[in-house]
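One structure below.
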Amino acid sequence: MSREQHHPRPRIESLTDLIFGLALSIGAVGLLNYRPTTAQDIALSVGFFFFGFLILITIWLRYTEIMSVLPAETGGTRTLNVFLLFLVALEPYLFNLIGSAGVPEDAATTAYALDLGAIYAILAGFNSLLGSEQRHLVDPSLYRRHRTIRNLQVIVVGFFWLSILPVFFTTTTTVLGLTIPIRFVLWLLTFFLSRATWILKRLGRP
């Protein structure tokens, strides 16, 4: 029997989907520990959860896109997969630390940004493999697209890791009447970068 038959990719992908699903569920359960007292508190808690939900869904969509075209699994990609699963499983824990009583918000948000940056760094690594002309993993017509996605994901990594600088936490701005650290604004900007390749695809560009 072949190596792929002994280690079928569907098992790894199913495990990954399970971990993503658990991460989303744990994030929702984390809301049960919060007791809002006003309508504004409810809106803030739901909006906060929606942010975490979008983060995980965007990462999951990117991951499934990669796995749908990755023709084979190597020791290197397996290691990246395992580390990705660890970081995704860690995400809801770090996410729920933000705003928790007794936990410094600067430290909590820094840890969360480091985690998300590492996740996007792994996704960028996958796309770098797929965009490599030397490896011949995908059709040559897809090389440029995967390199573009990789470059955008490297920028996303930069946004998350740059946001850990103290100045981006102590400096605040007002969004929809709420005063928030610039760090959160940098996180929000990553959504536009994550969507950029889908927009380019719809416009017919590689």
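Listed residues Ser68, Ser100, Ser128; which is in contact with a helix residue (DSSP H, G or I) (Cβ under 6 Å, 6 or more places away or on another chain) and of a type in the set (S, T, N, Q)? If you could, list the steps in order and put the result at the bottom.
Numbers: Ser68 fails: in contact with a helix residue (DSSP H, G or I) (Cβ under 6 Å, 6 or more places away or on another chain); Ser100 fails: in contact with a helix residue (DSSP H, G or I) (Cβ under 6 Å, 6 or more places away or on another chain).
On inspection, the qualifying residue turns out to be Ser128.
Return yes or no: is Ser128 buried (at least 16 other Cβ atoms within 10 Å of the Cβ) and small (Gly, Ala, Ser)? Even if it seems obvious, please write down each step before you answer.
On the way: buried (at least 16 other Cβ atoms within 10 Å of the Cβ): yes; small (Gly, Ala, Ser): yes.
Considered against the rule, which asks whether it is buried (at least 16 other Cβ atoms within 10 Å of the Cβ) and small (Gly, Ala, Ser), Ser128 comes out as yes.
Residues to consider are Val46, Val138, Val88, Val82; find the one that is in a loop (DSSP other than H, G, I, E, B) and either buried (at least 20 other Cβ atoms within 10 Å of the Cβ) or not small (Gly, Ala, Ser) (or both).
Val138
What are the pairs, 6+ residues apart or on separate chains, where a residue within segment 40-60 that is within 23 Å of Ala196 (Cα to Cα) has its Cβ under 8 Å from a residue that is of a type in the set (D, E, K, R) and modelled with pLDDT of 85 or more?
These pairs meet every condition: Gly52/Glu91; Ile55/Glu91; Leu56/Glu91.
For Leu116, all conditions in the list (1) surrounded by fewer than 16 Cβ atoms within 10 Å (Cβ to Cβ); (2) within 15 Å of the chain's Cα centre (by Cα); (3) not basic (Lys, Arg) hold save one; what is the number of the exception?
Result: Leu116 passes all but (1).
Yes or no, residue by residue, for (1) among the hydroxyl-bearing types (Ser, Thr, Tyr); (2) in contact with a helix residue (DSSP H, G or I) (Cβ under 6 Å, 6 or more places away or on another chain); (3) modelled with pLDDT under 85:
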| position | (1), (2), (3) |
| --- | --- |
| Leu15 | no, no, yes |
| Ala23 | no, yes, yes |
| Val29 | no, no, yes |
| Phe51 | no, no, yes |
| Gly75 | no, no, yes |
| Leu85 | no, yes, no |
| Tyr120 | yes, yes, no |
| Leu123 | no, yes, no |
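Any chance you could count how many residues in segment 91-109 are on the phi < 0 side of the Ramachandran plot and surrounded by fewer than 20 Cβ atoms within 10 Å (Cβ to Cβ)?
Result for segment 91-109: 12.
The values are calculated or read from the model by the stated rules, or taken from the named source; none is laboratory data. In this text, all values refer to a predicted model and were calculated from it rather than measured experimentally. We place every Cβ from the backbone using ideal geometry, glycine too, and count neighbours over all the protein chains shown.
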